[in-house]
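In what follows, a single structure is set out as structure tokens and then discussed.
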Amino acid sequence: MAGLAWLTGFLGGLCMVMGIVTAAEIAPSLGAEFTWMFWFVLSAILLLMSIAFAIANKGGKEYE
């Protein structure tokens, strides 16, 4: 689960950067449907998934 938390956190961060780039119009848009709002919402979903995976990783079985 720790690897999955890291992966979704990393992808969430990349989506946030892409949203900033799209909002600032630094690079051309990938398509009409990929607006800055799409990237920020996708980033929020992925970052929340990252938190959930990190918490699930700590709530596993207790070892001696």
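The values are calculated or read from the model by the stated rules, or taken from the named source; none is laboratory data. Note that the structure is a prediction, hence the values are computed from the model and not measured. Ideal geometry is used to build each Cβ from the backbone, glycine not excepted, and the neighbour counts take in all protein chains shown.
Observations on the model:
- Within the stretch 8-23, residues that are in a helix (DSSP H, G or I) reach partners that are loosely packed, with under 14 Cβ neighbours inside 10 Å with beta carbons closer than 7 Å, at six or more positions or on different chains, in the pairs Val21/Ala27; Thr22/Ser29.
- Options Ile55, Ile45; residue that is exposed (fewer than 13 other Cβ atoms within 10 Å of the Cβ), of a type in the set (A, V, I, L, M) and part of a helix (DSSP H, G or I): Ile55
- Filter pass, Met18 being within 17 Å of the chain's Cα centre (by Cα), surrounded by 14 or more Cβ atoms within 10 Å (Cβ to Cβ) and at pLDDT 90 or above: yes
- Pairing each residue of the stretch 37-53 that is more than 15 Å from Ala5 (Cα to Cα) with any residue that is acidic (Asp, Glu), provided the two are 6+ apart or on different chains, yields no C-beta distance under 8 Å.
- The lone criterion from (1) modelled with pLDDT under 90; (2) assigned to a helix (DSSP H, G or I) left unmet by Phe40 is number (1).
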